[in-house]
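For reference, the structure is listed below as structure tokens.
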Amino acid sequence: MKTIQEWIKEYPLINELVATKEVFWSNPKYEPFQENGDYLPFNEKDIKDAEERLKRFAPYIAKVFPETRNLNGIIESPIVPIPAMQKKLSNMYKHPLEGTFLLKCDNDLPISGSIKARGGIYEVLKHAETLALKHGLLTVNDDYSILASEKFSNFFSQYSIAVGSTGNLGLSIGIMSAKLGFKVTVHMSADAKKWKKDLLKSKGVTVIEYTGDYGEAVKEGRKQAYSNPNCYFIDDENSHDLFLGYAVAASRLKQQLEDLNVIVDENHPLFVYLPCGVGGGPGGVAYGLKLIYQNCVHCFFAEPTHSPSMLLGLMTGLHDKVTVQDFGIDNITSADGLAVGRPSGFVGPIIESLLSGSYTVSDNGLFELLSTLADTENIHLEPSALAGVIGPVKLWNEKQGKEYLKNHNLKDKMKNSLHLMWATGGSMVPKEIMHEYYKKGVTLSL
Ligand SMILES: *Cc1c(COP(=O)(O)O)cnc(C)c1O
């Protein structure tokens, strides 16, 4: 590997990253979308298959999680316009922000209140289905609400599921696995919040705590799980099923936008801003959106200044062969959902030519956005989930953002543009902790 100084010489932006300054990066490898690019390991059929599986499980989900009954057991979140926040950001940054601002409220996803309720729950369901089909207890034409019986929970109790997590993935997998009857162990990194661990323990989940970061929790969890043949390890750094579960969001989003009479086409570009940790969530969503909207959608990832692992992997082309710690960055952030030092093993190469760009946000910036969004729209998100909200400001104000708009002939189309910020979590945060976050944001904004 090159030295840090050699990397900086090649990519001067790394200097800013190492200094944990906020950066905006437009991806030089971005290319017009090719549906059958051989760099893509999945296709539309795989996503469709995941979507169908979630439909099969919907009667079961509706039965055991009553909060999902209004959508008949489909775990989905609303999209809401945020005009007051848009106006406030325009004033704060002294730049009129054109177009329509929309928030994708995965903070309100039922069951676990974060984007992990997509991929995490999907992978547990897929594993449960595989086991039940294999043992002749289920056929794909059955009404899956039969899974809510003692017969099935007894069956699943012979098996265990394990996962490494900074918090939200553990919540999704823990809650879903425990509901089905699996034994479940969540390996939690040091940055995982106490309330998330307590909540899981209250559901009968075994929580193992580590003093190291997310990468270490995953590594140790993987090791323990592989020594037990009845244990299934959900591997956030490598899982294709998680990715496909996230990707299902795209076709549902298309339907939601159509229902709102929102147009996306060449003259009405859609910009999507996705908070990124290991990359599976934002990668899956971005991949699904590119399949649908191709060159009319522009996807940007957002990471904390102290955990820019995906950006570092993309910029250097080293992907999961590099950690932020290799560059002397500490991976310590209040955005626990994004506190990842090493990016996914397969997402980087998939999105290498699909992603428009990426940027970083400071923790203080996240808290300021948190209280501002609460004041303007009465929407309360966890710190990680705010990373997407500043995207349009960056795109308009930063040098590489302006260049991106110019190079893709987007400047004249901005008045018709659509900006979708993916709010990735928040509704599970206990009230008093949310209030602390809010107060911190207010103090910082003074
Ligand atoms: C996990 C998470 C993300 C990012 O998802 P990855 O798959 O880790 O990239 C974003 N926001 C929140 C709140 C999360 O929990």
key: Neighbour cut-off at most 16 other Cβ (10 Å), DSSP loop, trypsin sites (Lys or Arg not before Pro), the stretch 192-301   = K203
note = Expressed in µm² per second, the diffusion coefficient of the chain from the Stokes-Einstein equation, with Rh the Kirkwood radius over alpha carbon pairs, at 10 °C and 1.306 mPa s, is 72 µm²/s
message = Could you give the length gained by full extension between Y93 and K134, i.e. 0.36 nm per residue of separation minus their alpha carbon distance, to one decimal place?
response = 9.0 nm
ask   = Cα centroids of the stretch 96-149 and the stretch 1-32: how far apart, whole angstrom?
value = 36 Å
Rounded to 10°, Cα long-axis angle of helix 280-293 versus longest principal axis of the chain = 70 degrees
query = Not counting the cut sites, what is the longest span of the chain without GluC sites (Glu not before Pro) that DSSP labels loop and that have at most 12 other Cβ atoms within 10 Å?
reply = 36-265
request  = May I ask for the angle, rounded to the nearest 10°, between helix 214-226 and the longest principal axis of the chain, with both axes built from Cα atoms and the value confined to 0 to 90°?
outcome  = 20 degrees
key: Spin-label model distance (nm) - K29 vs D259, 7 Å beyond Cα toward Cβ   = 3.7 nm
message = To the nearest 20 Debye, how big is the dipole of the stretch 1-156 about its Cα centre, given +1 on the beta carbon of each Lys and Arg and -1 on that of each Asp and Glu?
response = 400 debye
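Any idea what the dipole of the chain comes to, in debye rounded to 20, about its Cα centre with Lys/Arg Cβ at +1 and Asp/Glu Cβ at -1?
Details: 46 positive and 52 negative charges, 103 e Å.
So the magnitude is around 500 debye.
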ask   = Roughly what would the spin-label model give for E6 and H408, points 7 Å off Cα along C-beta, in nm?
value = 3.3 nm
Difference of contour (0.36 nm per residue) and Cα-Cα distance, D49 to E22 = 5.8 nm
ask   = Summing +1 for each Lys or Arg and -1 for each Asp or Glu, what net charge is found among the other residues whose Cβ lies under 12 Å from the Cβ of V18?
value = -2
Acute angle (nearest 10 degrees) that the helix 83-92 long axis makes with the longest principal axis of the chain, alpha-carbon atoms = 40 degrees
key: Positive dipole terminus of the chain, leading residue within F155, V297, Y246 (C-beta point charges)   = F155
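T206 to Q224: extension gain in nm, 0.36 nm per residue of separation minus the Cα-Cα distance? Display every interim value, and only then the final one.
On the way: separation 18, 0.36 × 18 = 6.48 nm, distance 1.33 nm.
In short, 5.1 nm is gained.
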key: Label-point separation, L444 to H240 (7 Å along Cα→Cβ), nm   = 3.9 nm
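We did not get these values from a lab; they are worked out from the coordinates using the rules stated. Keep in mind it's a predicted model, so treat the numbers as computed, not measured. Don't worry about glycine lacking a Cβ; one is built from the backbone with ideal geometry, like all the others, and counts go over all protein chains shown.
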